[in-house]
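Participant: Pasting a structure below so you can have a look.
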Amino acid sequence: QKEVEQDPGPLSVPEGAIVSLNCTYSNSAFQYFMWYRQYSRKGPELLMYTYSSGNKEDGRFTAQVDKSSKYISLFIRDSQPSDSATYLCAMRAMGSSNTGKLIFGQGTTLQVKP
Amino acid sequence: DAGVTQSPTHLIKTRGQQVTLRCSPKSGHDTVSWYQQALGQGPQFIFQYYEEEERQRGNFPDRFSGHQFPNYSSELNVNALLLGDSALYLCASSLGLAGETDTQYFGPGTRLTVL
């Protein structure tokens, strides 16, 4: 079993829809949670960074972390065709021995149709 | 403000050969991490360099080695290439090891094809 599970999709939605992307994980030591966006043949771009449980909002993006369920989500409101990309969740545990060692999900491919 | 840069963009090698990939971190960053991303998969952590030393290592064989220079740039070397080494190799930079907010910024990657 992988440490981080993410449905690869693809997920196709009409422009303006609310998108929900999710990851589950098995390692209870994970404390830092990130969402990256990756366009085709490009490097991942950091979208959201959350520590421990709770919600964080940035413009059209909201990240949620539920540590009790080992479940994280990214919501995209008013989705745009330019949001079409692969979305990767990433996480890591606390402590200097885990610094830098991000564990990624497989990525979910999102297509927003005009 | 220059972001993370990597070279070359693409590379084609044959089995058994050796390859060197290069990375320059984002301005002000001193820590470099390397990841391997196979097609359709998420990136996998290879190792991290700080103060010219390997600080963390993922589950990769010794054929994968690296180096960090005094100017914080880094190289990834892969020896005895296998077909399975074909992937996008990503470099990420961050600031320091002591902080808990070591946000990593990724470069565009080097696409390696092994024939």
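The values are calculated or read from the model by the stated rules, or taken from the named source; none is laboratory data. Everything numeric in this text was worked out from a predicted model, so none of it was measured. Note that we place each Cβ from the backbone using ideal geometry, even for glycine, and neighbour counts take in every protein chain shown.
Participant: Return the pairs, sorted by first residue and then second, in which the second residue is part of a loop (DSSP other than H, G, I, E, B) and among the polar types (S, T, N, Q), the first residue lies in region B:53-75 and is surrounded by fewer than 16 Cβ atoms within 10 Å (Cβ to Cβ), the beta carbons are less than 6 Å apart, and the residues are 6+ apart or on different chains.
Facilitator: B:63/B:79
Participant: Being among the basic types (Lys, Arg) and within 14 Å of chain B (Cβ to nearest Cβ) is true for just one of A:67, A:101. Which residue is that?
Facilitator: After applying the criteria, what remains is A:101.
Participant: Right, another one. Report the residue count in region A:23-33 for those that are out of contact with any Asp or Glu (no Cβ under 7 Å at 6 or more places or on another chain) and more than 8 Å from chain B (Cβ to nearest Cβ). So that I can check it myself, show each step before the final result.
Facilitator: Applying the first criterion (out of contact with any Asp or Glu (no Cβ under 7 Å at 6 or more places or on another chain)) to region A:23-33 yields A:28-33.
Checking the rest, the ones that are also more than 8 Å from chain B (Cβ to nearest Cβ) come to A:28-31, A:33.
Residues in region A:23-33 being out of contact with any Asp or Glu (no Cβ under 7 Å at 6 or more places or on another chain) and more than 8 Å from chain B (Cβ to nearest Cβ): 5 in total.
Participant: Which strands (runs of 3 or more DSSP E) does region B:32-115 wholly contain that include 2 or more residues that are within 23 Å of residue B:12 (Cβ to Cβ)? Break it down stepwise before answering.
Facilitator: On the way: elements: B:44-50, B:53-57, B:64-68, B:74-78, B:87-94, B:110-114.
Once the strands (runs of 3 or more DSSP E) in region B:32-115 are filtered for at least 2 residues that are within 23 Å of residue B:12 (Cβ to Cβ), what remains is B:44-50, B:64-68, B:74-78, B:87-94, B:110-114.
Participant: Among A:86, A:62, which is the only one that is within 11 Å of chain B (Cβ to nearest Cβ), of a type outside the set (Lys, Arg) and either surrounded by fewer than 18 Cβ atoms within 10 Å (Cβ to Cβ) or in contact with a Leu (Cβ under 9 Å, 6 or more places away or on another chain) (or both)?
Facilitator: A:86
Participant: Looking at A:49, A:36, which is the one that is surrounded by 15 or more Cβ atoms within 10 Å (Cβ to Cβ), in contact (Cβ under 8 Å) with a residue 40 or more places away in the chain and closer than 22 Å to residue B:25 by Cα?
Facilitator: Of the residues listed, the single one that is surrounded by 15 or more Cβ atoms within 10 Å (Cβ to Cβ), in contact (Cβ under 8 Å) with a residue 40 or more places away in the chain and closer than 22 Å to residue B:25 by Cα is A:36.
Participant: For region B:16-31: of the residues being assigned to a loop (DSSP other than H, G, I, E, B) and surrounded by 12 or more Cβ atoms within 10 Å (Cβ to Cβ), which is modelled with the highest pLDDT?
Facilitator: Per the stated criteria, the residue is B:17.
Participant: Another question about this same structure. Being over 28 Å from residue A:39 (Cβ atoms) and not hydrophobic (A, V, I, L, M, F, W, C) is the filter here; which residues of region B:78-98 pass it?
Facilitator: The answer is B:79, B:96.
Participant: Moving on. Scanning for something among the charged types (D, E, K, R), within 13 Å of another protein chain (Cβ to nearest Cβ) and in contact (Cβ under 8 Å) with a residue 12 or more places away in the chain, does region B:14-33 turn up at least one residue? Steps first, please.
Facilitator: Of the residues in region B:14-33, the ones among the charged types (D, E, K, R) are B:15, B:22, B:26, B:30.
Now restrict to residues that are within 13 Å of another protein chain (Cβ to nearest Cβ): B:26, B:30.
Narrowing further to those that are in contact (Cβ under 8 Å) with a residue 12 or more places away in the chain: B:26, B:30.
Yes, there is a match, as at least one residue in region B:14-33 is among the charged types (D, E, K, R), within 13 Å of another protein chain (Cβ to nearest Cβ) and in contact (Cβ under 8 Å) with a residue 12 or more places away in the chain.
Participant: Sort out which residues of region A:1-25 are over 12 Å from residue A:109 (Cβ atoms) and not β-branched (Val, Ile, Thr), and write them in order of number.
Facilitator: Once the filter is applied, which keeps residues that are over 12 Å from residue A:109 (Cβ atoms) and not β-branched (Val, Ile, Thr), region A:1-25 yields A:1, A:2, A:3, A:5, A:14, A:15, A:16, A:17, A:20, A:22, A:23, A:25.
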